[in-house]
Amino acid sequence: MSGTFLARLGKLWLALILFFLYAPIFVMAFMSFNASQYYQLPFEFSLKWYEKLAGNTEIIDAATRSVGIAIITTIIATILGTAASVALFRFEFRGKRFLQVMLFPPIAIPWLITGTAMLIFFFGIGLGRGTPSVIIGHVALALPYVIVVVSARLATFDATLEEAARSMGADGWTVTRRVTLPWISSGIIAGALFAFAVSFDQFVVSYFLSEPGDSTLPVLIYTSIRKGFTPEINAISTIIIVVSMAVMLVAARFSNFGGER
Amino acid sequence: MSTVLANQERLRIFGLLSPAYLWLTVAIFLPLSAMLYFSFLSEVPFGDAEWSHTTENYEAFFQTSTYAILLWKSIRLGLIVTLVSVLVGFPCAYVLAKVIKGRSREALFLLVILPFWSNSLVRIFSWAIVLRGNGVLEIGLNAVLPFEVDVNLMFSTPAIVIGLVHSYLPYIILTSYLALQAIDDNLIDAARSMSANKLTILWRIILPLSLPGLLAGAVLIFVPVVGSFMEPRILGGRVGTYFGTVIEDQFVAVYNWPLGAALSFILLAVVLLILAVASPVLRRAQT
């Protein structure tokens, strides 16, 4: 009796949490279709902020730059990360544990610290601010995620499959190409999507590394918010949320991120 | 023959690993070392600036109480946000792991985790729209309540806490859920059959067994919150001055990079200290 009551209470709690998590996002999306500039109610449907957005070259440029940076980051991080995961999984060697621990600082140290450190270092070596610096930073942040996701997929790999292929005369490279890689391909795709999300959503590191007037979309949004509210930012933010959630939904399908399956 | 093979294997390991780790070295570890060096300089050593080695950037932290007070303010914000997230998120994770069964569980879990992977800046911005005076929250509350209320949470500490909890809540739900899921239901049934009441089961079985996951989540929330600057800036306005925003200022407004580097390193020391204290428990969580 009290069990079902508690269970109901628990489900109500979960529903409240979901409301808390999604309500502001829906409010923002809703307001991006509201005619009033100052979010005045009653609501009056209008597409004018999206029309204005289409003509705002500054935002469009930043969006294009962000997508481009995310794609380059994804390609580099996925290739380097997959190679490293295979080595960490396949071979036993001294210092392996140390290499695995080295993956934590990029994730665990606050981005404010890594971002400012990168700014100092890139200025020190003469690279300075700009898109190349942003890409170098994004790849470093995305690499650990790719390695973790691909390694998790590799852990489910049955080593006897490789032995079987080898016993039938396949050499090491053929085994890797024809047996191992197909098996972990879903992990690689998931890792790539994670890398894309890390880069596309990254604000802090981009903020310190991108050049003024040449900034990524989140950096542009931050500076616009600080200058004052504009409904165009609402519209582009709504598009960003939809895109990044869609990417993650696809990623979740490729990795068993939800637990047992 | 065997040494040739061993050499070949070593070469292959090196070839596979070095690009990734070289990248991490250039983008993470060398910059951190450079920042440590910078924090002991009097001026930025670019151009014709005169500079020397000094400890005055660290002395600045101790000379006035301003920085220490702000650091404590940031730590306190971290503690509050972590505590609220644990209290709100743990029951939620429990419901997901133990109450809800079947296919809907996976879908609901995904729904809880999804916002975490969307843009954090945009989510903070969405709270600014909700919380501002004459905003959606005020209008909504006044529509429901029989009396007029004035809700303007914008530019206040509660607004910062709400925004940060919203940003990091999925972390604690994720780690607690994974830990709770690993608890064998038979264990709970056994305790129940021996007529243990709900509180005893919670206190003696569920909490101890899920503690590593809970703590992992708490650390994952605390560390970034202590270093946060964007959230206090957007939601806090004038009250949003924290240790993180002071560091930001040194790099983008005041251009005192050596001082910023020293403050960053003090923050890093605090973070590492906390990770070190938590690491025995976290290591247990991995196994």
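Considering A:LYS52, A:LYS96, A:LYS11, the condition of being within 11 Å of chain B (Cβ to nearest Cβ) and farther than 27 Å from A:PHE194 by Cβ is satisfied by A:LYS11 alone.
Please count how many residues of the range B:101-113 are buried (at least 18 other Cβ atoms within 10 Å of the Cβ), aliphatic (A, V, I, L, M) and without any contact (Cβ under 8 Å) to a residue 12 or more places away in the chain. So that I can check it myself, show each step before the final result.
Taking the range B:101-113 as the starting set, the residues that turn out to be buried (at least 18 other Cβ atoms within 10 Å of the Cβ) are B:105-106, B:108-109, B:112-113.
After this cut, where a residue has to be aliphatic (A, V, I, L, M) as well, the list is B:108, B:112-113.
Subsequent filtering for residues that are without any contact (Cβ under 8 Å) to a residue 12 or more places away in the chain retains none.
Residues that pass the stated criteria total 0.
Conditions (1) among the aromatic types (Phe, Trp, Tyr); (2) free of Cβ contacts under 8 Å to residues at least 24 places away in the same chain, marked per residue:
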site	(1), (2)
B:ILE205	no, yes
B:LEU211	no, no
B:ALA218	no, no
B:PHE222	yes, no
B:GLY240	no, no
B:PRO258	no, no
B:ALA262	no, no
B:VAL277	no, yes
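Among all residues of the range A:83-90, there is at least one that is over 30 Å from A:ALA235 (Cβ atoms), at pLDDT below 90, more than 8 Å from every other protein chain (Cβ to nearest Cβ) and surrounded by fewer than 20 Cβ atoms within 10 Å (Cβ to Cβ). Here A:ALA63, A:ALA35 are screened, and the one residue that is under 29 Å from the mean Cα position of the chain (by Cα), under 21 Å from B:VAL122 (Cα atoms) and among the small types (Gly, Ala, Ser) is A:ALA63. The helices (runs of 4 or more DSSP H) located wholly in the range B:197-287 that include 2 or more residues which are surrounded by fewer than 20 Cβ atoms within 10 Å (Cβ to Cβ) occupy B:198-201, B:207-226, B:243-252, B:257-286. Is it fair to say A:PHE157 is farther than 29 Å from B:ILE247 by Cβ and either at pLDDT 90 or above or outside any helix (DSSP H, G or I) (or both)? Here the answer is yes, as A:PHE157 does meet what is asked.
Tell me which residues, restricted to the range A:211-234, are outside any helix (DSSP H, G or I) and surrounded by fewer than 24 Cβ atoms within 10 Å (Cβ to Cβ).
Narrowing the range A:211-234 to residues outside any helix (DSSP H, G or I): A:211-216, A:228-230.
Within the range A:211-234, A:GLU211, A:PRO212, A:GLY213, A:ASP214, A:GLY228, A:PHE229, A:THR230 qualify.
In the set (1) in a helix (DSSP H, G or I); (2) over 20 Å from A:VAL250 (Cβ atoms), the condition left unmet by A:ALA170 is number (1). Which one of these is in contact with a Leu (Cβ under 9 Å, 6 or more places away or on another chain) and either within 11 Å of chain A (Cβ to nearest Cβ) or on the phi > 0 side of the Ramachandran plot (or both): B:LEU207, B:LEU215, B:LEU235? The unique qualifying residue is B:LEU235. For the range B:96-111, the condition holds for no residue, the condition being that it is within 15 Å of B:ILE172 (Cα to Cα), β-branched (Val, Ile, Thr) and assigned to a helix (DSSP H, G or I).
Inspection of the range B:138-147 finds no residue satisfying the criterion of being on the phi > 0 side of the Ramachandran plot and either among the small types (Gly, Ala, Ser) or surrounded by 14 or more Cβ atoms within 10 Å (Cβ to Cβ) (or both).
Can you confirm whether the range B:41-55 contains a residue that is part of a helix (DSSP H, G or I) and at pLDDT below 95? Break it down into steps so the answer makes sense when it comes.
So the first thing to find is which residues in the range B:41-55 are part of a helix (DSSP H, G or I), and the list is none.
Checked the range B:41-55: no residue is part of a helix (DSSP H, G or I) and at pLDDT below 95.
Can you spot a residue in the range B:130-146 that is more than 12 Å from chain A (Cβ to nearest Cβ) and assigned to a loop (DSSP other than H, G, I, E, B)? Looking for residues that are more than 12 Å from chain A (Cβ to nearest Cβ) and assigned to a loop (DSSP other than H, G, I, E, B), one finds at least one in the range B:130-146, hence yes. Across the range B:147-161, the qualifying residues are those that are part of a helix (DSSP H, G or I) and touching a residue at least 60 places away in the same chain (Cβ under 8 Å), and the one among them that is farthest from the other protein chains (Cβ to nearest Cβ) is B:THR157.
Note on the range B:68-113: among residues that are out of contact with any helix residue (DSSP H, G or I) (no Cβ under 8 Å at 6 or more places or on another chain) and at pLDDT below 90, the one that is nearest to the other protein chains (Cβ to nearest Cβ) is B:GLU106.
Okay, residues lined up against (1) among the aliphatic types (A, V, I, L, M); (2) over 21 Å from B:THR82 (Cβ atoms):
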position	(1), (2)
B:ALA216	yes, no
B:LEU220	yes, no
B:PRO224	no, no
B:MET230	yes, no
B:PHE243	no, no
B:ASN256	no, yes
B:SER264	no, yes
B:LEU272	yes, no
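Scanning the range A:112-121 for residues that are under 17 Å from A:ILE136 (Cβ atoms) and facing chain B (nearest Cβ under 7 Å) yields A:ILE113, A:THR114, A:THR116, A:ALA117, A:MET118, A:LEU119, A:ILE120, A:PHE121.
The values are calculated or read from the model by the stated rules, or taken from the named source; none is laboratory data. Since this is a predicted model, take the numbers as computed values, not measurements. Methodologically, a virtual Cβ is constructed for each residue, glycine included, from the backbone with ideal geometry; neighbour enumeration extends over all protein chains shown.
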